[in-house]
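Here is the structure we will look at.
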Amino acid sequence: MDNNKFNLIMKKYERLIFTVCFNFVKNYDDAMNLSQETFISAYYNIEKCDENHYKEWLTRIAINKSKDFLKSAYIKKVSVVGEDTFSEFITEKYIPEKEYIMTENVNKLKEKILNLKEPYKFVSRMYFLEEKSISEISEALNRPKKTVQTQIQRARSKLKNELLEEELK
Amino acid sequence: MMEYFDKDGHLTEYAFALLQKDDTDLETRFEISEHLSFCDMCLERYTAYLTNDKLIENIPSGISENVFKKIKYRAKKLLFNKYSTVAIAAAISLTIWGGNTLNTVYEFSAKLYTADIKKIVTEQYEKTEKVIEDKLEKLINNIFDKEKEL
């Protein structure tokens with residue numbers, strides 16, 4: 001595709017792409033940079049896209065760029081916890097004292113998992129309660145494996161924070 | 001409170017409306033972007049939702065000009081990285097082995113022995129870098145200027 005034709009495509013969709021980027025990042029300069037990055041990526045791959053689908057394709061690129069941008073901001077804001085997050089709620093220190101306290105904590109945890117909202121509801125139930133693998137969950141919910149993994153991590157973090165808040169009360 | 005995911009795990013119209021608001025929190029925006037990055041159905045619905053009246057009126061100018069500038073710059077950088085390594089190695093080899101080989105080797109060894117190695121390599125690198133950069137600048141400008149003429 002020659003540069004003139006690509007320039008026309010940019011002129012046609014620049015308002016859309018800028019709006020998409022700004023809706024996610026809420027900053028003019030960042031949205032400007034991400035819009036440019038969107039069109040640069042599109043420039044190198046435009047032959048792969050059917051021209052009837054340019055709008056959705058460009059929007060998807062813009063969303064991916066915005067998502068990656070937000071991800072780094074989100075990770076800085078929220079701490080991600082490790083594998084044994086729930087061990088302090090279901091550990092041996094509770095067993096010698098009173099077994100029913102341990103059972104109580106497990107039930108509490110189950111209840112919290114069942115009450116989680118999307119996008120964590122299904123992944124949490126399948127992973128924590130049904131003990132399905134990441135691959136199985138990814139296939140069942142039609143979500144990329146990486147997305148399933150990060151959603152499980154965030155669900156863990158949410159559950160831990162909720163349980164800790166209750167313990168402190 | 002309205003939900004931005006429905007019972008099937010897809011985005012609601014409320015989610016799209018939330019994106020238009022200035023005070024939607026980071027986590028919500030991130031979760032929505034994550035879903036749109038893999039769900040074709042919601043992407044199509046979101047694209048259809050963004051009618052002309054919902055697009056920002058006064059966008060910054062110069063997006064397309066900046067895009068072409070960046071593409072040009074990256075093309076130059078890519079070509080330079082690709083050929084400079086080979087060119088510099090060849091230039092240094094020629095310096096050592098061209099002309100009166102033995103004397104050159106002795107001279108070069110003496111230089112290395114007495115002088116700062118980094119300084120010698122840097123000088124040679126900078127000379128070759130300038131020559132290559134000038135030639136690439138001309139080549140890339142020619143390509144983009146010819147396109148404008150068409």
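The values are calculated or read from the model by the stated rules, or taken from the named source; none is laboratory data. Everything numeric in this text was worked out from a predicted model, so none of it was measured. Backbone-built Cβ (ideal geometry, glycine too); neighbour counts: all protein chains shown. When the accessible area is computed, the model is the full protein with side chains, heavy atoms only, and any ligands, DNA or RNA have been set aside. Shrake-Rupley method; radii C 1.70, N 1.55, O 1.52, S 1.80 Å.
Counting partner chain Cβ atoms within 10 Å of every residue's Cβ in B:49-55, what's the average?
On the way: counts 0, 7, 0, 2, 0, 3, 8.
Average per residue, whole number: 3.
Which value, in Å² and to the nearest 10, is the accessible area of B:PHE5 when all protein chains are kept and the probe is 1.4 Å?
20 Å²
Can you list the residues of segment A:15-58 with backbone N under 17 Å from a point 7 Å past the Cα of B:THR28, pointing along Cα to Cβ?
Under cut-off, by backbone N: A:22-27.
Within a 10 angstrom radius of each residue's Cβ in A:133-144, how many Cβ atoms of other chains show up on average? Whole number is fine.
Across the residues of A:133-144, the mean count of other-chain Cβ atoms within 10 Å is 1.
Considering only protein heavy atoms, what is the solvent-accessible area of B:ILE59 at a probe of 1.4 Å, reported in Å² to the nearest 10?
Using a 1.4 Å probe on the heavy atoms, I get roughly 40 Å².
Leaving ligands, DNA and RNA out of it, work out the accessible area of B:GLU3 with a 1.4 Å probe and give it in Å² to the nearest 10.
For B:GLU3, the solvent-accessible surface is approximately 80 Å².
How crowded by other chains is B:37-44, given as the mean number of beta carbons from other chains within 10 Å of each beta carbon?
Numbers: counts 9, 8, 2, 3, 1, 0, 5, 4.
Taking all residues of B:37-44 together, the mean is 4.
Using the structure shown, select from A:LYS67/B:LYS21; A:LYS55/A:LYS158; A:LYS108/A:LYS145; A:LYS11/B:LYS72; A:LYS121/A:LYS146 the pairs with a Cα to Cα distance greater than 25 angstrom.
On the way: A:LYS67/B:LYS21 17 Å; A:LYS55/A:LYS158 36 Å; A:LYS108/A:LYS145 28 Å; A:LYS11/B:LYS72 19 Å; A:LYS121/A:LYS146 17 Å.
Result: A:LYS55/A:LYS158; A:LYS108/A:LYS145 exceed 25 Å.
What residues have an amide H closer than 5 Å to that of B:PHE5, excluding those fewer than 5 places away on the same chain, when H is modeled at 1.01 Å from N in the peptide plane?
B:THR12
What distance in nm separates the simple spin-label points at A:ASN33 and B:SER93, each placed 7 Å from Cα in the Cβ direction?
So the two model labels end up 4.1 nm from each other.
Classify segment B:13-54 as rounded, prolate or oblate, taking a ≥ b ≥ c as the square roots of the eigenvalues of its Cα gyration tensor: rounded when a/c is under 1.5, otherwise prolate if a/b is larger than b/c and oblate if not.
It is oblate, given that a/c is not under 1.5 and a/b is not larger than b/c.
Packing-wise, with mean Cβ within 10 Å as the measure, how do B:23-36, A:43-56 rank, highest first?
Details: B:23-36: 19.4, A:43-56: 11.9.
Highest mean packing first, the order is B:23-36, A:43-56.
Could you pull out the trypsin sites (Lys or Arg not before Pro) across segment B:42-97 that fall in loop regions by DSSP (anything but H, G, I, E, B) with no more than 14 other Cβ atoms inside 10 Å?
none
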